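A.B. asks: Here it is, the structure in full.
The values are calculated or read from the model by the stated rules, or taken from the named source; none is laboratory data. A quick note: this is a predicted structure, and the numbers were derived from the prediction, not measured. Cβ placement follows ideal geometry from the backbone for every residue including glycine, while neighbour counts extend to all protein chains displayed.
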Amino acid sequence: MDKKIALELKGITKVFGKITANNNVDLDVYKGEILALLGENGSGKTTLMNMISGIYYPDSGQIFVDGEEVIISSPKDSFKYKIGMIHQHFKLVDVFSAAENIILGINDGKKYSIAETNARVLEITERYGFNIDPKKKIYEMSVSEKQTVEIIKVLYRGADILILDEPTAVLTPQETEKLFAVLRRMRDDGKAIIIITHKMHEVLSLTDRVAVLRKGEHIATVNTKETTVSELTEMMVGKKISLNIERSEPKNSCDRLVVSNLNCVSHEGVKILDNVSFTARSGEILGIAGIAGSGQRELLEAIAGLQHIDSGKILYHNPKNDEVVDLRDKTPLQIRDLGVRLSFVPEDRLGMGLVGDMDITDNMMLRSYRKGHSIFLDRKAPKNLAQEIIKSLEIVTPGTSTPVRRLSGGNIQKVLVGREIAAAPSVLMAAYPVRGLDINSSYTIYNLLTAQKERGVAVIFVGEDLDVLIELCDRILVIGSGKVTGIVDGRNAVKEEIGVLMTKTTSIDEENGGVAI
Amino acid sequence: MIGFLIGAIRLGATFLLGSTGEIITQKSGNLNLGIPGVMCIGAAFGCFSESVYVTSLNGGEINPFLAVFIPIMCAFIASALAGLLFSFMTVTLRANQNVTGLALTTFGVGLTNYVISQVKSTSTFSVASKYFTTLIPFKYTENTQWLKLFLSYGPTVYLAIIIALVSAFLLKKTRIGLHLRSVGENPATADAMGINVTAYRYGATCIGCGIAGLGGLFFIMDSLYGYWEYAIEAMGWLAVALVIFAVWRPNVSIIGSFIFGALYIAPNHIKGVTFVQTGLLKMLPYVVTIVVLIITSIRNKKENYPPAGLGLNYYREER
Amino acid sequence: MNKTEKIKREPLFHIVNRGRDAIPWWKGMLIRAAAIVFALAVCAVIMVILTKENPIEIYKTMFDGAFGTERRKWKLLQEIAVLLCISLAVTPAFKMQFWNIGAEGQALVGGLATAACMFYIGGKVPQGMLIIIMVAASIVAGAIWALIPAVFKAVWNTNETLFTLMMNYIAIQLVDVFVNIWAKNGSAVLSPMSEYGLPIIGDKKYLLNVIIVAALTVGMYIYLKYSKQGYEISVVGQSEKTAKYIGISVKKVIIRTMLVSGAVCGIAGLILVGGTNHNINTNTVGGNGFTAIMVSWLAKFNPIFMILTAFMIVFLDLGASHVTAMFRISSDICDIMIGIILFFIIGCEFFINYKLKFRSFGKGGEAK
């Protein structure tokens, strides 16, 4: 069958500040085809798709729709060329019905009629096998229903090219299967579909071709039938790069935090943590690898007392008196009162770890201000601490009374990590501590974590760069879709092996009957 | 009894217009606490234009249509300009809505008192008032007394009800209404769907204020027969309460306005009611409003929530 | 084509949040000062049109109205004391991002409680005892009035702006009811109960009020800046997520802070009823509860700056009313002028927080 090209990109380049998000990318997708766009976090997939949907404008390069060059400078333009994008974050009005959301913003000059819209929505749902009530309100819907509304919204506007940004990240396996059935039907209907995903089995079972991006560059596009998981993984993660991070041997390691059979279910009823078990030991760095949003944040927050746990245990072995306490269902304050020295560097630095409008001294106090019986604050100790940290971590700031919001990303992170380390923790958890930092700041953070490990702290490090994880960590726990898909030794880990584990959706328990390291 | 109900409905028209205007404004996400000031402005400029018109005739014959039309237009335009000021401060300059609204009320009340103090002869109000209170000529017989309940009003009451019904229809059943509600509920989504958030907020606030301003004018011209009284501000706060009472629906507001009107005038109609009971009756609308507010927040029914974006200024993050 | 299309789409200017490069505080002050000067100029123009007098003459008269005589100076201090007291009261709530616009009602019930003490037990217990009861009653009454919306906000997230607004009018009606109960033979006006008021220091009628509020100002400044509770308020107001992360109970802080807010409002009521009027009516607080919101907001929730903003508003009010009396123009012009000045100051915040970036070509001046 002779297929026609629906959309073609030639030499697309987009630069944000110093970072090149996309470098000279070529891509094409045919009518009646599902194309997977595969790549690690930060490989430039979403940026590329945002240029097709009119959110960004490329610095250079050309876009062709049906063989003609087009300029897409706003979402409206992309609608005009029948391109529709389904974002990860839904853009829906909660109190509106599905139909009301679907026609929102359409001004086609036709008479406004919800009844007619309902009928047309039903027509679309029947054609592609969706299952949705157009009169149902968004706030009564599950995540998958909301996603369905987003897809219908795009179809209602007559889109022929659909882009889905990680559509299965929030879905249960059953819902995923349903979605794929719909996507296949749309493909048979002649639509061109681009799906951004990390999950290898989805790529293999759903798509016709796979385009791989790595660090903003287009590596290759291959036919799905002619490729293998290992080939794709290698293209995705690339060759191992040596970083020369110093790693010492763990000394006197003993169990510090034992997590067993942890389960968490989100408000929407999706399992975010599925039977997670692992042990963090003193004097070693436990790395956590996984595609972003696989449950890493929830795991750390569950340990810190910020996430509701449905079942499971988090046992803390106190090094001082060898007592064992369960941290489950405790508030952060209760955990502290139990004498658990837990430090946590959250992913959201300014929204959670620090208060942006407060100065460095006041941010130092966040953890310690309750000390003492006085009703007044003691700013002396935090101020000294601030000065100490500024000096030892070489934080660039006019002084201790500068609001942290005004510091650069790297310096903000040093303030946060410095404070958490100053509490002399026995467990230190850090989520993406080097995200957005330059090389020098990143190495400062690695060295800090290593120094903590040498002090006998159990360090848990959630990272995204596999090279870093392999060189920094003693052991690496791999999470996929909220399950532990593997635990590997950092000293002889292979990048591709971790890459494969990250894209799996079955846990080690399910595969070999519950033997964890 | 019929007299009491008629009085309640007449006064209700003021609340109805005030709350309908504020509902339209709030549906766009603007919480305009300047509405009492705006109602004062509407009344002041409406009455002022009336006195200018009547005085300019030098005792000549008053054209009934102009005597009604001129003040209505002036009240609407002056109030809408007050809404424009509010929108400029909150939408364009992104100022805090509560603070701006309260400043607008201070300003509006001051401006009103000043404008009225400049009127040469306030007796022109009551002269013109009779055109606002002209009733439908209808011969009541013994059996048709009940028709009085529906027919004994000047044009203002019918106009208020029509405006409320049209607003309810526009909000619920038209594309403009859908877009307006989306702007108030989730401006980021509305923006992403290509709806001009700024234009809708400006438009809704100006039109809403214009309608509320009519409420102030009708209070003077109809309920008080053209006798000027500085009670409009209090009416304005009741209108704001009525918005919550009516859970942001102009059609519910019609019933609510009659209830509020009845509670307000009840002391004058019930014999032997003491001062204390009067005070308690006047308290009732606010108490009921709070109860409604609490119930809607406890009952998890999102349709009855305030618009999700209410009181929050929106701007697209610039990169 | 590509190029022209891009140019066409770029707007004349766009607005940038200053964010990380916030302007230094003195520049912010300069902008605010400029706004006030502008506003005064606009007001001067209005005054000149109405009075046809020399504007300098008018401003002289304003100063005279505020500071002209000993009595006027005390009046100025007293008005500042009351306005400042209520502004202090709303500040902790605002700092927590809780929009308590119910200060009018909270102060009024505080005053009502004071009046009730004077009416029912005045003369029956020793004066010293009465004063202690009055202070306690006013604080408790104000705190309860603030507690009600706070509990609903904390537990059910009920909209606090609308709730506290409604509570004002209930308070006003409540005062109306009690005045009618207490007033002799249906006059609906309460005669002053001066003999049961707060003590007068020397012969200065308002001195005690001023001292109380001065102490409260310092106290509130210290509370917000140096106490642990004040610190918690800041954290909750800035980011609830951070508050949870460090284990602060947001509900507890909301309720506790509103209790403080209401209690200080109660003291304002005590000052008004016990220390000034010795009676009560529905207009005793006289809109100060609303003006206080602006005073607090304009001072960026800093109690020391609030002395300035409260002074400014009271000065304008007293000065302008003196002008209107001297030049025989309607006294309502004061409210208009205050409104205009408020709009200018509220509006100027925009230029402090945002920057206008003009399109790089063509004409376009620098933003203010």
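A.B. asks: Kindly establish whether B:Ala160 is more than 14 Å from chain C (Cβ to nearest Cβ), buried (at least 18 other Cβ atoms within 10 Å of the Cβ), of a type in the set (A, V, I, L, M, F, W, C) and touching a residue at least 60 places away in the same chain (Cβ under 8 Å).
C.D. replies: yes
A.B. asks: Then there's this: Taking B:Pro285 as the residue in question, decide whether it is within 10 Å of chain C (Cβ to nearest Cβ) and not in a helix (DSSP H, G or I).
C.D. replies: no
A.B. asks: Residue by residue through region B:85-100, note down the ones that are closer than 16 Å to B:Leu111 by Cβ and either touching a residue at least 60 places away in the same chain (Cβ under 8 Å) or not in a helix (DSSP H, G or I) (or both).
C.D. replies: Hits for region B:85-100 are B:Phe86, B:Thr100.
A.B. asks: Please pick out the residue among B:Ala67, B:Ala82, B:Ala75 that is in contact (Cβ under 8 Å) with a residue 12 or more places away in the chain, part of a helix (DSSP H, G or I) and within 14 Å of chain C (Cβ to nearest Cβ). Lay out the reasoning, then the answer.
C.D. replies: On the way: B:Ala67 fails: within 14 Å of chain C (Cβ to nearest Cβ); B:Ala75 fails: within 14 Å of chain C (Cβ to nearest Cβ).
Matching residue, one of B:Ala67, B:Ala82, B:Ala75: B:Ala82.
A.B. asks: Considering only region A:339-381, state which residues are in a helix (DSSP H, G or I), touching a helix residue (DSSP H, G or I) at 6+ places or on another chain (Cβ under 7 Å) and more than 11 Å from every other protein chain (Cβ to nearest Cβ).
C.D. replies: Residues satisfying the conditions are A:Ile360, A:Thr361, A:Met364.
A.B. asks: For region C:234-274, enumerate the residues that are under 19 Å from the mean Cα position of the chain (by Cα) and among the aliphatic types (A, V, I, L, M).
C.D. replies: C:Met258, C:Leu259, C:Val260, C:Ala263, C:Val264, C:Ile267, C:Ala268, C:Leu270, C:Ile271, C:Leu272, C:Val273
A.B. asks: Can you name the residue in region C:1-52 that is within 14 Å of chain A (Cβ to nearest Cβ) and assigned to a loop (DSSP other than H, G, I, E, B) and, of all such residues, is modelled with the highest pLDDT?
C.D. replies: Going through the qualifying residues, I end up with C:Pro24.
A.B. asks: Separate question: I need the full set of residues from region A:101-126 which are surrounded by 21 or more Cβ atoms within 10 Å (Cβ to Cβ) and either within 13 Å of chain B (Cβ to nearest Cβ) or over 30 Å from B:Pro306 (Cβ atoms) (or both), in order please.
C.D. replies: A:Asn101, A:Ile102, A:Ile103, A:Leu104, A:Gly105 - these are the residues of region A:101-126 that are surrounded by 21 or more Cβ atoms within 10 Å (Cβ to Cβ) and either within 13 Å of chain B (Cβ to nearest Cβ) or over 30 Å from B:Pro306 (Cβ atoms) (or both).
A.B. asks: Restrict the check to region B:237-254 and report whether at least one residue is within 14 Å of chain C (Cβ to nearest Cβ), of a type outside the set (Val, Ile, Thr) and without any contact (Cβ under 8 Å) to a residue 40 or more places away in the chain.
C.D. replies: No, region B:237-254 has no match at all.
A.B. asks: Still on this model: Which residues, counting only those in region B:21-64, are in a helix (DSSP H, G or I) and of a type in the set (A, V, I, L, M)?
C.D. replies: B:Ile23, B:Ile24, B:Ile35, B:Val38, B:Met39, B:Ile41, B:Ala43, B:Ala44, B:Val52, B:Val54
A.B. asks: Any idea which of A:Ile470, A:Ile476, A:Ile498 is crowded, with 20+ Cβ neighbours inside 10 Å, modelled with pLDDT of 85 or more and closer than 18 Å to A:Arg297 by Cβ?
C.D. replies: Of the residues listed, the single one that is crowded, with 20+ Cβ neighbours inside 10 Å, modelled with pLDDT of 85 or more and closer than 18 Å to A:Arg297 by Cβ is A:Ile476.
A.B. asks: Ok, one more. Do you know which residues across region C:61-85 are of a type in the set (Val, Ile, Thr) and either under 20 Å from C:Val253 (Cα atoms) or at pLDDT below 90 (or both)?
C.D. replies: C:Thr61, C:Thr69
A.B. asks: Name the pairs: first residue in region C:321-349 and crowded, with 20+ Cβ neighbours inside 10 Å, second residue at pLDDT below 85 and not in a helix (DSSP H, G or I), Cβ to Cβ under 6 Å, at least 6 apart or on different chains?
C.D. replies: Cβ pairs passing all conditions: C:Thr324/C:Ser331.
A.B. asks: Can you pull out the residues in region A:151-201 that are among the charged types (D, E, K, R), surrounded by 19 or more Cβ atoms within 10 Å (Cβ to Cβ) and touching a Ser or Thr at 6+ places or on another chain (Cβ under 9 Å)?
C.D. replies: Within region A:151-201, A:Asp165, A:Glu166, A:Glu175, A:Lys199 meet the criteria.
A.B. asks: Of the residues B:Thr205, B:Thr198, which is surrounded by 24 or more Cβ atoms within 10 Å (Cβ to Cβ) and of a type in the set (Ser, Thr, Tyr)? It would help to see each step written out before you state the result.
C.D. replies: On the way: B:Thr198 fails: surrounded by 24 or more Cβ atoms within 10 Å (Cβ to Cβ).
Only one candidate passes the filter, namely B:Thr205.
A.B. asks: Go through the residues of region A:51-61 one by one and say whether even a single one is in contact with a helix residue (DSSP H, G or I) (Cβ under 8 Å, 6 or more places away or on another chain), assigned to a helix (DSSP H, G or I) and buried (at least 22 other Cβ atoms within 10 Å of the Cβ).
C.D. replies: Yes: one or more hits.
A.B. asks: Just wondering, is there one or more residues in region A:77-91 that are farther than 19 Å from A:Lys191 by Cβ and at the interface with chain B (Cβ under 8 Å from one of its Cβ atoms)?
C.D. replies: There is at least one residue in region A:77-91 that is farther than 19 Å from A:Lys191 by Cβ and at the interface with chain B (Cβ under 8 Å from one of its Cβ atoms).
A.B. asks: Residues in region C:260-287 that are more than 20 Å from C:Val135 (Cβ to Cβ) and touching a residue at least 40 places away in the same chain (Cβ under 8 Å): how many?
C.D. replies: Matching residues across region C:260-287 total 3.
A.B. asks: When residues of region C:97-124 are filtered for being buried (at least 24 other Cβ atoms within 10 Å of the Cβ) and in a loop (DSSP other than H, G, I, E, B), how many remain?
C.D. replies: 5
A.B. asks: Among the residues of region A:151-164, are any touching a Pro at 6+ places or on another chain (Cβ under 7 Å) and on the phi < 0 side of the Ramachandran plot?
C.D. replies: no
A.B. asks: Next question. State whether the residues of region B:290-302 include one that is facing another protein chain (nearest Cβ under 7 Å), more than 21 Å from C:Ala171 (Cα to Cα), modelled with pLDDT under 75 and part of a helix (DSSP H, G or I).
C.D. replies: Checked region B:290-302: at least one residue is facing another protein chain (nearest Cβ under 7 Å), more than 21 Å from C:Ala171 (Cα to Cα), modelled with pLDDT under 75 and part of a helix (DSSP H, G or I).
A.B. asks: I want to confirm something. Restricting to region B:257-282 and keeping residues that are facing chain C (nearest Cβ under 10 Å) and assigned to a helix (DSSP H, G or I), which single residue is surrounded by the fewest Cβ atoms within 10 Å (Cβ to Cβ)?
C.D. replies: Per the stated criteria, the residue is B:Val276.
A.B. asks: Restricting to region A:388-413, name every residue that is crowded, with 16+ Cβ neighbours inside 10 Å, modelled with pLDDT of 85 or more and part of a helix (DSSP H, G or I).
C.D. replies: Listed by number, the residues that qualify are A:Ile389, A:Ile390, A:Val404, A:Asn411, A:Ile412, A:Gln413.
A.B. asks: From the list B:Val115, B:Val109, exactly one residue is at the interface with another protein chain (Cβ under 8 Å from one of its Cβ atoms), over 18 Å from C:Ile345 (Cβ atoms), touching a residue at least 40 places away in the same chain (Cβ under 8 Å) and in a helix (DSSP H, G or I). Which is it?
C.D. replies: Criteria check complete, one pass: B:Val109.
A.B. asks: Next question. Only one of A:Leu449, A:Leu437 is touching a Leu at 6+ places or on another chain (Cβ under 8 Å) and outside the structural domain of A:Asp359 (by TED's automatic domain parsing); which?
C.D. replies: Going through A:Leu449, A:Leu437 in turn, just one is touching a Leu at 6+ places or on another chain (Cβ under 8 Å) and outside the structural domain of A:Asp359 (by TED's automatic domain parsing): A:Leu449.
Residues are listed down the side, and each one gets a yes or a no for (1) in the same structural domain as A:Asp160 (by TED's automatic domain parsing); (2) of a type in the set (A, V, I, L, M, F, W, C); (3) free of Cβ contacts under 8 Å to residues at least 12 places away in the same chain:
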residue: A:Asn41; (1), (2), (3): yes, no, no
residue: A:Ile72; (1), (2), (3): yes, yes, no
residue: A:His87; (1), (2), (3): yes, no, no
residue: A:Val95; (1), (2), (3): yes, yes, no
residue: A:Ala115; (1), (2), (3): yes, yes, yes
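A.B. asks: Of the residues A:Ile479, A:Ile487, A:Ile460, A:Ile445, which single one is in a helix (DSSP H, G or I) and within 22 Å of the chain's Cα centre (by Cα)?
C.D. replies: From the options A:Ile479, A:Ile487, A:Ile460, A:Ile445, the qualifying one is A:Ile445.
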